[in-house]
Amino acid sequence: MVKYFSGTVRVVYLSHAARHSGAEIGLRRFVEATRGRIDATVILAENGDLVPALEEAGAEVLVLPLAEDTRALTRGQIRVGRQQLTAATQLSRYVLRLRTELAERKPDLVHAISLKSGPYGAVAGRMAGIPTIWHLHDHLIPEYLPPRVVPPMRLLAGTLPDGLLTPSQSVLRAAGHRRPGIVTGIIPFPVPRPPEPVAVRDEVQVIGMVGRLTQWKGQHVFLEAFARAFPDGPTRARIIGNAMFGEQEYEDALHALVRRLGIEDRVDFMGFIEDVDGQMREIDVLVHASISADPLPGVVIEGMGAGLPVVAANAGGTPEYMTDGVDGFLHRPGDVDDLARTLRLAAGSRDQRAEVGAHARETVRRYEPEPIVEQMLSFYGEVLH
């Protein structure tokens, strides 16, 4: 335990979502890795599959519902208007309820992990007199948020919390200026590394993507690149993940795309699968194809930890964690031709795939639970000092 703690630190974690998305999956892993060192309570703004998963990991979970029309407001809908004014009113009431809950529980820290829970958690924490950390997993840039929203979001991130955490230097830079006194850190949530690497097959059979189906994740770019790189033959594409947050139209468009490309008999849409490790063992090359800067895709670290050759977009936080041609392969975001070229390169000889995968496993040792937990506890100590 870091020197600032005389015992177990009590932390309330906040998220607006109760579904298995990136930061929420990371939180579940972190809670499980800190049993006995952190007394974790998670307050969610909705009920969902994440609740039993967090309880199994060792957290107390409280569902403090936020009105659906406010909780489900997408980042593209954040602008001035009647709907947004209604949301602001509902959110103000929610902050007061959350402040009361925090004042009664008296945790050492509040740690908000999502774009929505960061602001309302920091306000409620301040009102309750409890130090608050905003773990920002999103780029505060016009390519990700409506341009008019970027300055106020940067202002909130740079003034409200006592500590600002990000998973990459890229996200911290995009957050802009901060008031004096805010403690900053670059710490991703931990990614457990499988005890053994995946088997390296003689021939590439499956090239896969894992993640939520959404336009900016670039599944459409991957499918077009796959069709160009492997116009025929036995190699298959695998899409693992489902549409969330009102993005069913994009999933429908992906099915239409594979029909237009004439590859529907070689593409498998698997939906959401909780056993990602099991899927990694069936994939020969893992692809990350985000068309805008990704803060740090956990699936890239998972694939590297499994010993897979990972093809990832060269933007955002990813190149901070991967060296092109050494422990992975980088491609230009949104460039179908460059991704097709990189797919062919990554699917080269068995020896090359084995060597890149072995280097990748070594790279991600530093992101396993034990070192990440120590970094996080030290950061908590800095905020509380």
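The values are calculated or read from the model by the stated rules, or taken from the named source; none is laboratory data. Small disclaimer: the values here were computed from a predicted structure and weren't measured. For neighbour counting, all protein chains shown are included, and Cβ atoms are generated from backbone atoms with ideal geometry for every residue, glycine included.
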Checklist entry - Just checking, which of ILE207, ILE186 is surrounded by 17 or more Cβ atoms within 10 Å (Cβ to Cβ) and within 30 Å of GLU374 (Cβ to Cβ)? => result ILE186
Item to check | Failed item in (1) small (Gly, Ala, Ser); (2) in contact with a helix residue (DSSP H, G or I) (Cβ under 7 Å, 6 or more places away or on another chain); (3) part of a helix (DSSP H, G or I), with SER292 passing the rest | outcome: (3)
Item to check | Subset of segment 318-339 (residues that are more than 21 Å from the chain's Cα centre (by Cα) and crowded, with 21+ Cβ neighbours inside 10 Å) | outcome: VAL336, LEU339
Checklist entry - With respect to GLY158, is the statement that it is part of a helix (DSSP H, G or I) and outside the structural domain of ASN242 (by TED's automatic domain parsing) true? => result yes
Item to check | Flag for GLN375 being within 30 Å of LEU145 (Cβ to Cβ) and part of a helix (DSSP H, G or I) | outcome: yes
Checklist entry - GLU302 fails exactly one of the following numbered conditions: (1) crowded, with 23+ Cβ neighbours inside 10 Å; (2) not in a helix (DSSP H, G or I). What is the number of that condition? => result (2)
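Could you pull out the residue among GLY328, GLY348, GLY305 that is of a type outside the set (Asp, Glu), touching a residue at least 12 places away in the same chain (Cβ under 8 Å) and under 25 Å from GLU224 (Cα atoms)? Before the answer, list the steps.
Working: GLY348 fails: touching a residue at least 12 places away in the same chain (Cβ under 8 Å); GLY305 fails: under 25 Å from GLU224 (Cα atoms).
The match here is GLY328.
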Checklist entry - Quick one: ALA229 ticks every box in (1) modelled with pLDDT of 95 or more; (2) on the phi > 0 side of the Ramachandran plot bar one, so which box is it? => result (2)
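Can LEU145 be described as closer than 25 Å to TYR321 by Cα and at pLDDT below 95?
Values: closer than 25 Å to TYR321 by Cα: yes; at pLDDT below 95: yes.
It is true that LEU145 is closer than 25 Å to TYR321 by Cα and at pLDDT below 95.
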Next on the checklist: List the residue pairs whose Cβ atoms are under 8 Å apart, where the first residue sits in segment 233-244 and is on the phi > 0 side of the Ramachandran plot, the second is among the hydrophobic types (A, V, I, L, M, F, W, C) and surrounded by fewer than 18 Cβ atoms within 10 Å (Cβ to Cβ), and the two are 6 or more positions apart or on different chains.
Outcome noted: GLY241/MET270; GLY241/PHE272
Checklist entry - Is there a residue in segment 104-121 that is over 30 Å from ALA293 (Cα atoms) and without any contact (Cβ under 8 Å) to a residue 12 or more places away in the chain? => result yes
Item to check | segment 93-150 - residue that is in a loop (DSSP other than H, G, I, E, B) and among the aliphatic types (A, V, I, L, M) and, of those, farthest from ASP162 (Cα to Cα) | outcome: LEU145
Checklist entry - For the subset of segment 205-220 comprising residues that are part of a helix (DSSP H, G or I) and touching a Ser or Thr at 6+ places or on another chain (Cβ under 9 Å), which member is farthest from ILE301 (Cα to Cα)? => result TRP216
Item to check | Extreme residue, surrounded by the fewest Cβ atoms within 10 Å (Cβ to Cβ), among residues of segment 20-52 that are in contact with a His (Cβ under 8 Å, 6 or more places away or on another chain) and more than 17 Å from PHE189 (Cα to Cα) | outcome: ASP49
Checklist entry - Could you give every pair whose Cβ atoms fall below 8 Å, whose first residue belongs to segment 130-142 and is at pLDDT 95 or above, and whose second residue is among the aromatic types (Phe, Trp, Tyr), counting only separations of at least 6 or pairs across chains? => result ILE133/PHE379; ILE133/TYR380
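Looking only at segment 252-266, filter to residues that are touching a residue at least 12 places away in the same chain (Cβ under 8 Å) and part of a helix (DSSP H, G or I); which one of those is nearest to GLU203 (Cα to Cα)?
Initially, segment 252-266 is screened for residues touching a residue at least 12 places away in the same chain (Cβ under 8 Å), giving 253-255, 257-258, 261-263, 266.
Subset that is part of a helix (DSSP H, G or I): 253-255, 257-258, 261, 266.
Details: ALA253: 30, LEU254: 27, HIS255: 27, LEU257: 26, VAL258: 23, LEU261: 24, ARG266: 16 Å.
Checking each candidate, the answer is ARG266.
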Next on the checklist: If I go through segment 167-185 residue by residue, how many of them are closer than 21 Å to ARG366 by Cα, in contact with a Pro (Cβ under 7 Å, 6 or more places away or on another chain) and β-branched (Val, Ile, Thr)?
Outcome noted: 1
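Please find, among ARG179, ARG201, ARG193, ARG173, the residue that is under 30 Å from SER349 (Cα atoms) and surrounded by fewer than 17 Cβ atoms within 10 Å (Cβ to Cβ).
Values: ARG179 fails: under 30 Å from SER349 (Cα atoms); ARG193 fails: surrounded by fewer than 17 Cβ atoms within 10 Å (Cβ to Cβ); ARG173 fails: under 30 Å from SER349 (Cα atoms).
That would be ARG201, the only listed residue that is under 30 Å from SER349 (Cα atoms) and surrounded by fewer than 17 Cβ atoms within 10 Å (Cβ to Cβ).
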Checklist entry - Is there a residue in segment 348-361 that is touching a Leu at 6+ places or on another chain (Cβ under 8 Å) and among the polar types (S, T, N, Q)? => result no
Checklist outcome for this item: Picking from VAL110, VAL95, the residue that is closer than 30 Å to PRO192 by Cα and modelled with pLDDT of 95 or more would be VAL110
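For the subset of segment 222-251 comprising residues that are part of a loop (DSSP other than H, G, I, E, B) and more than 16 Å from PHE269 (Cα to Cα), which member is nearest to the chain's Cα centre (by Cα)? Reasoning before the result, please.
Looking only at segment 222-251, we keep the residues that are part of a loop (DSSP other than H, G, I, E, B), and these are 230-235, 242, 244-247.
Remaining after also requiring more than 16 Å from PHE269 (Cα to Cα): 230-234, 245-246.
Working: PHE230: 29, PRO231: 32, ASP232: 34, GLY233: 34, PRO234: 32, PHE245: 15, GLY246: 18 Å.
In this case the residue turns out to be PHE245.
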Checklist entry - Among the residues of segment 328-338, is there at least one that is modelled with pLDDT under 95 and either out of contact with any Asp or Glu (no Cβ under 9 Å at 6 or more places or on another chain) or more than 30 Å from PRO161 (Cβ to Cβ) (or both)? => result no
